[in-house]
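See below for the structure under consideration.
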Amino acid sequence: MKVPAFPPDGSGFDAFVRQSAAGLLRLGNILTLDRAAAEDLAQETLIRVGLAWPRLRADGNPVGYAQRTMTNLFLNQRRRRRPVPICTIPEIAREDTALAAVDSTATVRRILASLPPKQRAVIALRYVADLSDDEIGRLLDCAPATVRSQLSRGLSRLRATLTTEG
């Protein structure tokens, strides 16, 4: 996901949600491998981004903050989930055809599920969010060399799985 520019007025968060929600949902789906869990993860991410919005507008990188938040939420499986009440019902969501294609590919989901969560996160951030080693390292609080080794191990494991099944 590339970082779009958002206006400094109050409409910025609405524009951010409209422009980045589908990408966050795709990233969440790759991380969790479960549509419902991905929707929950994207919703929790957007709630946290919304709460931090005034600070993020000054920073100028809300997409990076959202990706880091989503990745941290995914990797932290011990967190307690509490429902957050909302005062208005959101508009009707549109179907994302790219996400629907991933949903219909059971083989891809099964192969990705065989990866450890950190390797899956690195692969998702590289190939879905199109981030560099340095950006992924900042998101995961690790060195770029660790990102490269996790990516290498994950891709090797995916190749091995594909060649034994193919």
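Per-residue Karplus couplings for the range 125-131, computed as 6.51 cos²θ - 1.76 cosθ + 1.60 with θ equal to phi - 60°, are listed in order as 5, 6, 9, 9, 8, 6, 9 Hz, Gly and Pro entered as x. State the percent of C-alpha pairs, over all pairs in the range 122-166, separated by a distance greater than 12 angstrom. The answer is 59 percent, as a whole percent. In this structure, Asp141 and Ser114 have a Cβ-Cβ separation that, at R0 = 25 Å, corresponds to a calculated FRET efficiency of about 0.50.
Taking label points 7 Å from Cα along the Cα-to-Cβ direction, Thr107 and Asp34 give a separation of 2.5 nm.
Here, each number is a calculation from the coordinates, and none is a lab measurement. Nothing here was measured: the structure is a model prediction, and the numbers come from that model. Ideal geometry is used to build each Cβ from the backbone, glycine not excepted, and the neighbour counts take in all protein chains shown.
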